[in-house]
Amino acid sequence: MLVEVAKAEFKKDKPHRERIPRNFTAEIDLRLTGIEEGSAILSICLVVAGQLFPNSPNLIYFERARTSIIESIAAAESGAVPRLAPDLLYYFDRFGRSLRPGESISFPQDGRDVVLTQTTRERLMVHAQAKEWTEEIALRARVSEVDKARRTFQLELPNGARLGGNLAEPYRAVILEAFDHYESGRENNVLLKGVVRRDRSGQFKAIESIEHVTPLDPLDVVLRLDELGRLQDGWLDGEGKAPSQTLLDHLKTSFEDSFDPELPLPYLYPTIEGGIQAEWTLNNGWDVSMEVDSEGTNGDFRAVKICDNSEQSLSLSLSQESGWIGLNEALRSIGRNRPEEQTIAS
Amino acid sequence: MQAETLLLRQVHPSFIQDGRPSSQAFFPTKKDGLKLSVYHGDKIDPEPSWKHYTTQLGKESSGVIAVTVGECQSGQLPVVDDGVPYPEHCFIDFKNLTNSAIKKKADNLATLARKRGWLFRVS
């Protein structure tokens, strides 16, 4: 993108030159210069050969290009119209498409950081007058159709939309097995990571490329929370508050980042008050539940072993990492109890 | 009503994941005066109770699970055979209990019902 914008700057400066000079692009390189401690922040440096040879006549176009790109991002960030032409803005199709919610790329400019996020990129693509663009994405879906002769398959997304892909060898077995389970309702979901083409309304139009496809656990937390996200107020025969998207997003992130992957996944159910109840049935006779309030801040944890009337209870602060550590420890501790072991009620 | 009489409880589809019913299925609501409605298992079978619940009462259910009168009584939960608003209606009475006691007793009933398994399930 930087090269194409630099070329456009060059043409703007020299409208009578038909050709871009030879070796125009040979003088630029992007290098990873460091990974900051304790985070996933990458420092990438624009290295131009002209820095070694300051008299390089092309350096100025790359510097202008860098400024134009950052100013365009800043404009989109503030809701203004970017000054880059739509055909150049379209290069954002390839830049920043792996950004997930909460992630960003920062560019220092005039003493502040200009930030490219999923939202900013979407605005830039709209200004590029793009009808469709690509996104790197993780999709949870069922395999609803397979055509072995044509070597294609169809995914059925949770919202009912369908998306076609090619049945390539690396993930063929996973797709076929998920398809076999389509009607059983069990083990029939897959996680597809790859690049998908979407339109302005956010509808997925086609799979561009597939990185990998893996079978999903029937208790996959994100899949279940997405299902619960479709509940409306009054879902329980006229009663029942629907869980908020904020709560569902908080739980998705927390289970992904803070829940011990070695522990069994919970069953998840809505509560009438708009919260979520997580439940585990452990094979040593313990039944565990944790009611999460509608704000996602408190977890009311309770474990019972009905055969000997044992019980444990805890109040967990789920807005803090310590609450999730407490949940992991409590589940590990209960899981270690042998079936015949007596546990002191607390 | 005998100790072994089954009390049939309808389970809302949102309270089922991967075939497992939630303990939420046994939580009484304040709207119902903390009276948990169940069907008298000596008067009606699980499948007809589901049909009555979904067609006559127009409510959602994906299946039927149950506890016995004896299991409720062991947990200090009275069972009342009131026959209102339909002849097979009974309720498990959670009144005068604290919130945490309600949850504890509902959890226990759900554990017992899960051990008994589904008595009827919509296929």
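If the condition is being buried (at least 16 other Cβ atoms within 10 Å of the Cβ) and assigned to a loop (DSSP other than H, G, I, E, B), then region A:236-271 contributes A:G240, A:K241, A:A242, A:P243, A:F259, A:L265, A:P266, A:T271.
Just one residue in the set B:S14, B:S49, B:S61 is among the small types (G, A, S) and away from chain A (no Cβ under 14 Å); that residue is B:S49.
Residue check: B:Q76 meets all listed conditions (1) open to solvent by 20 Å² or more (accessible area, probe 1.4 Å); (2) closer than 23 Å to B:V122 by Cα but one, namely (2).
Each residue in region B:77-116 was checked for being within 13 Å of another protein chain (Cβ to nearest Cβ), touching a residue at least 40 places away in the same chain (Cβ under 8 Å) and more than 17 Å from B:K30 (Cα to Cα), and 8 pass. Taking each residue of region A:149-163 that is closer than 15 Å to A:N188 by Cα and looking for partners that are assigned to a loop (DSSP other than H, G, I, E, B) and open to solvent by less than 60 Å² (accessible area, probe 1.4 Å) with beta-carbon atoms closer than 7 Å, six or more apart or interchain, yields A:F153/A:L167. Out of the residues in region B:17-46 meeting the condition of being more than 10 Å from chain A (Cβ to nearest Cβ) and not in a loop (DSSP other than H, G, I, E, B), tell me which one is nearest to A:T271 (Cα to Cα). The qualifying residue nearest to A:T271 (Cα to Cα) is B:F26. Among the residues of region A:178-221, the ones that are free of Cβ contacts under 8 Å to residues at least 24 places away in the same chain, within 14 Å of chain B (Cβ to nearest Cβ) and among the acidic types (D, E) come to 1 in all.
Being touching a residue at least 24 places away in the same chain (Cβ under 8 Å), polar (S, T, N, Q) and away from chain A (no Cβ under 13 Å) is the requirement here; does B:T55 meet it? Against the criterion (touching a residue at least 24 places away in the same chain (Cβ under 8 Å), polar (S, T, N, Q) and away from chain A (no Cβ under 13 Å)), B:T55 does not qualify. When region A:302-325 is limited to residues that are in contact with a Gly (Cβ under 8 Å, 6 or more places away or on another chain) and open to solvent by less than 60 Å² (accessible area, probe 1.4 Å), the one that is nearest to A:T246 (Cα to Cα) turns out to be A:L318. Against the criterion of being within 14 Å of chain B (Cβ to nearest Cβ), under 26 Å from the mean Cα position of the chain (by Cα) and surrounded by 15 or more Cβ atoms within 10 Å (Cβ to Cβ), A:E279 qualifies.
Criterion first (touching a helix residue (DSSP H, G or I) at 6+ places or on another chain (Cβ under 8 Å), loosely packed, with under 14 Cβ neighbours inside 10 Å and part of a loop (DSSP other than H, G, I, E, B)) does A:D233 satisfy it? Talk me through it step by step, then tell me what you get.
On the way: touching a helix residue (DSSP H, G or I) at 6+ places or on another chain (Cβ under 8 Å): no; loosely packed, with under 14 Cβ neighbours inside 10 Å: yes; part of a loop (DSSP other than H, G, I, E, B): yes.
Answer is no for this residue.
Would you check if B:G70 is touching a residue at least 24 places away in the same chain (Cβ under 8 Å) and among the small types (G, A, S)? Here the answer is yes, as B:G70 does meet what is asked.
The values are calculated or read from the model by the stated rules, or taken from the named source; none is laboratory data. Worth saying up front: this structure is predicted, and the values here are computed from it rather than measured. With ideal geometry, Cβ positions are generated from the backbone for all residues, glycine too; neighbour counts draw on all protein chains shown. Ligands, DNA and RNA are excluded from the accessible area calculation, which covers all protein heavy atoms including side chains. Shrake-Rupley method; radii C 1.70, N 1.55, O 1.52, S 1.80 Å.
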